[in-house]
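One structure is given below, encoded as structure tokens.
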Amino acid sequence: RPDAIVCTGRSDYPNQVNNVLGFPFLFRGALDVRATEINEAMKVAAAEALAELAKQDVPEAVAKAYGLQSLHFGKEYLIPKPLDPRVLLWVAPAVARAAVESGVARRTLEIGPYRDQLEARLGKSREMMRIVLNKARAKPKRIALADGAHETVIRAAHQLVEEGLAHPILLGSRETIERTAAELALDLSRIAIVDPATAETRAAYARRLYGMLCRQGVTQSEAEDLTLNTNYFAALMVVGGDADGMLSGLSYHYTEALKAPLRVIGTCEDYGTAAGVYMVTTRNRVLFFADASVNIEMDAQKMANIAILTARLASDFDIEPRIAMLSFSNFGSVEHARVDRVRTAVAIVRREAPDLVVDGEMQANTALVEELLNGVYPFNSLRKEANVLIFPNLEAGNIGYNLVQRLANADSVGPILVGMKKPVHILQPGDEVKDIVNLAALAVVEAQKAH
């Protein structure tokens, strides 16, 4: 029969459940509450958690691990895949709760913090992002998604709503968005859709845009045409107060996607500088790399501004920043104009943000090896290895980030755009749902601070 479902415990069948999806997470939840036994309620809780997870949108990384483009609940996908890291986060807490409620637990747990502890075991980057996600969830904001018709963005918007992280606004053709959502079996009833071509606000936005850009060679009719571009429309929503932040870039090169926000929203007046920051995590370390995506060349003031902005970003992750201003010289070991520029940037940071811990110029290995830093240069101000690395130009920053990510098998979040007047983040072609969710959550946290 084509509608029959055969379940088995045999390990030579592809639908084998117990050993790969049941036992590991049953035991995890049971051990963490020190359960005296694994009872029927705990087993039912595990089964129900697996059943509910199977109906959720599946991350691209899970599908790719099995050589597939996508996975959706149906006859070919009835239970979660063993390589899906979410199984731990769904099953173990369900088992732990059932143990407590059925009276066999010798220890009680708050499920929210317990889930955070489990997520920390999946990697440092997930642990760090959980801090931001929890902050976002406390007071969600409206985030305009310029690539609203893109399948990945629609899935991300759905996840943002399901997790209570943001109020996403999908920009694009309503017909296309709704058709794609229907194909993905995603409910958009709690997600706003705005089509720039038919939006009531378009005329007002065009007038506003013309007023902004009329002295930059933009005519009234060109301003009207630009409002059909979702990048410009999203930026205009933000400056007009119809959205609290925006994401763009999935369908554009980074510099092209950044153009509209820079022209319409602009950089914050205090610093006049935007920069791209990557949060890079290894097993035991969290680092912030800047600038890795925006400024090709930098003078001392711009480098200092980027250091201050990146330090503020680190604080959003509850990390106390220790800033190393990088060069090919260690504290005057080389005389060169480029070294002088970095040294001047250090002085500017100390003058404009005296509360920050900063030092340089120094080489990257000096910044990252505490024994070298304190052993050879005991006069340094950092005292511990740096966690904010400010590169002297875009070439160094971008190359350094990519080398660390590939050779050290590090996880990363970003590029995180800092220095804008309003929350803006630029995606990159190939970004996955989790990348969009992470940057949207960051935009929410920034918007919270602005209010």
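The values are calculated or read from the model by the stated rules, or taken from the named source; none is laboratory data. For clarity, every value in this text was computed on a predicted model and none was experimentally measured. Methodologically, a virtual Cβ is constructed for each residue, glycine included, from the backbone with ideal geometry; neighbour enumeration extends over all protein chains shown.
Given the criteria without any contact (Cβ under 8 Å) to a residue 24 or more places away in the chain, over 26 Å from R34 (Cβ atoms) and surrounded by 18 or more Cβ atoms within 10 Å (Cβ to Cβ), does K81 qualify?
Against the criterion (without any contact (Cβ under 8 Å) to a residue 24 or more places away in the chain, over 26 Å from R34 (Cβ atoms) and surrounded by 18 or more Cβ atoms within 10 Å (Cβ to Cβ)), K81 qualifies.
Among the candidates S412, S315, S329, which residue alone is closer than 27 Å to V132 by Cβ, surrounded by fewer than 21 Cβ atoms within 10 Å (Cβ to Cβ) and touching a helix residue (DSSP H, G or I) at 6+ places or on another chain (Cβ under 7 Å)?
Being closer than 27 Å to V132 by Cβ, surrounded by fewer than 21 Cβ atoms within 10 Å (Cβ to Cβ) and touching a helix residue (DSSP H, G or I) at 6+ places or on another chain (Cβ under 7 Å) holds for just one of S412, S315, S329, which is S412.
Output the residues belonging to region 126-181 that are of a type in the set (K, R), under 18 Å from the mean Cα position of the chain (by Cα) and either buried (at least 24 other Cβ atoms within 10 Å of the Cβ) or closer than 19 Å to H72 by Cα (or both). First the steps, then the outcome.
If we filter region 126-181 for residues that are of a type in the set (K, R), which is where we start, we get 126, 130, 135, 137, 139, 141-142, 155, 174, 179.
Keeping just the survivors that are under 18 Å from the mean Cα position of the chain (by Cα) gives 126, 130, 135, 137, 139, 141-142, 155.
Selection gives R155 alone.
In this structure, is N438 polar (S, T, N, Q), surrounded by fewer than 18 Cβ atoms within 10 Å (Cβ to Cβ) and more than 27 Å from E297 (Cα to Cα)?
Considered against the rule, which asks whether it is polar (S, T, N, Q), surrounded by fewer than 18 Cβ atoms within 10 Å (Cβ to Cβ) and more than 27 Å from E297 (Cα to Cα), N438 comes out as no.
Take the residues in region 88-101 that are surrounded by fewer than 23 Cβ atoms within 10 Å (Cβ to Cβ) and aliphatic (A, V, I, L, M); name whichever of them is nearest to the chain's Cα centre (by Cα).
L89
Being free of Cβ contacts under 8 Å to residues at least 60 places away in the same chain, in contact with a strand residue (DSSP E or B) (Cβ under 6 Å, 6 or more places away or on another chain) and over 20 Å from L88 (Cβ atoms) is true for just one of I191, I143. Which residue is that? Step through it out loud before you land on a result.
Details: I143 fails: free of Cβ contacts under 8 Å to residues at least 60 places away in the same chain.
Step by step, each of I191, I143 is checked, and only I191 is free of Cβ contacts under 8 Å to residues at least 60 places away in the same chain, in contact with a strand residue (DSSP E or B) (Cβ under 6 Å, 6 or more places away or on another chain) and over 20 Å from L88 (Cβ atoms).
Out of curiosity, is L250 in the same structural domain as T152 (by TED's automatic domain parsing), within 19 Å of the chain's Cα centre (by Cα) and in a loop (DSSP other than H, G, I, E, B)?
On the way: in the same structural domain as T152 (by TED's automatic domain parsing): yes; within 19 Å of the chain's Cα centre (by Cα): yes; in a loop (DSSP other than H, G, I, E, B): yes.
For L250, the condition - in the same structural domain as T152 (by TED's automatic domain parsing), within 19 Å of the chain's Cα centre (by Cα) and in a loop (DSSP other than H, G, I, E, B) - is met.
Any idea which residue in region 258-287 is nearest to M129 (Cα to Cα), counting only those that are among the aliphatic types (A, V, I, L, M) and part of a loop (DSSP other than H, G, I, E, B)? Break it down stepwise before answering.
First, pick out the residues of region 258-287 that are among the aliphatic types (A, V, I, L, M): 258, 260, 262, 264-265, 274-275, 277, 279-280, 286-287.
Right, trim to part of a loop (DSSP other than H, G, I, E, B) and you get 265, 274.
On the way: I265: 26, A274: 22 Å.
If we take residues in region 258-287 being among the aliphatic types (A, V, I, L, M) and part of a loop (DSSP other than H, G, I, E, B), then A274 is nearest to M129 (Cα to Cα).
At least 1 residues that are within 21 Å of the chain's Cα centre (by Cα) in each: list the helices (runs of 4 or more DSSP H) lying fully within region 367-451 that qualify.
Working: elements: 370-376, 394-407, 433-450.
By residue number, 394-407, 433-450.
When region 186-219 is examined, which residues are found to be more than 24 Å from H150 (Cα to Cα), hydroxyl-bearing (S, T, Y) and surrounded by 12 or more Cβ atoms within 10 Å (Cβ to Cβ)? Even if it seems obvious, please write down each step before you answer.
So in region 186-219, the residues more than 24 Å from H150 (Cα to Cα) come out as 203-204, 206-219.
Filter once more, keeping what is hydroxyl-bearing (S, T, Y): 210, 219.
Within region 186-219, Y210 is the sole residue that qualifies.
Exactly one of (1) among the hydroxyl-bearing types (S, T, Y); (2) in a helix (DSSP H, G or I); (3) touching a Gly at 6+ places or on another chain (Cβ under 6 Å) is unmet by S293. Its number?
(2)
When region 260-288 is examined, which residues are found to be surrounded by 20 or more Cβ atoms within 10 Å (Cβ to Cβ) and small (G, A, S)?
The answer is A260, A274, A275, G276.
Count, please, the residues in region 289-307 that happen to be over 22 Å from Y254 (Cα atoms) and crowded, with 24+ Cβ neighbours inside 10 Å.
The number of residues fulfilling the criteria is 1.
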